[in-house]
Amino acid sequence: MNSIIKAVAIAVALSAPVVSFAQSNQPLTRAEVRSQLVQLEKAGYNPASADNATYPADLQAAEAKVAAQNGATDVGGVANGSSDAGHRTISKAEWNEMYGH
């Protein structure tokens with residue numbers, strides 16, 4: 001019986017940080033959701049659009065614009081830019097010379 005109590009006490013002690021962490025995330029208020037929707041609409045997203053064929057792409061494009069305006073680099077949407085790790089950068093003149101432009 002004593003070992004069961006110890007096991008339960010240890011389990012509670014280990015699960016307490018998980019529960020407290022989960023409760024730290026507060027749900028968005030109605031005003032915050034409305035503000036986000038207004039930002040998306042200003043970025044070109046129209047939630048009332050009848051064209052459901054482009055729905056995810058339209059929303060993601062608007063989210064990317066809002067993220068770029070807010071200075072976010074790692075939040076949703078479409079990733080901008082490219083990477084060519086391990087290679088030196090070349091100037092436009094070098095590029096034109098290489099490809100005959």
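All of the numbers you see were taken from the coordinates with simple rules; none came from a lab. As the structure is a computational prediction, the values presented were derived from the model and not from experiment. Reconstructed Cβ throughout: ideal geometry from the backbone, glycine too, with neighbour counts over all protein chains shown.
In a fully extended conformation the segment linking N70 and A31 would gain 12.2 nm over its present Cα-Cα distance, using 0.36 nm per residue. How many nm is it between the label spots at I5 and K42, if each spot is 7 Å from the Cα in line with the beta carbon? Computed distance between label sites I5 and K42 equals 6.1 nm. Site pair S49 and R88 shows an inter-label distance of 4.5 nm when each label is modelled 7 Å from Cα along Cα→Cβ.
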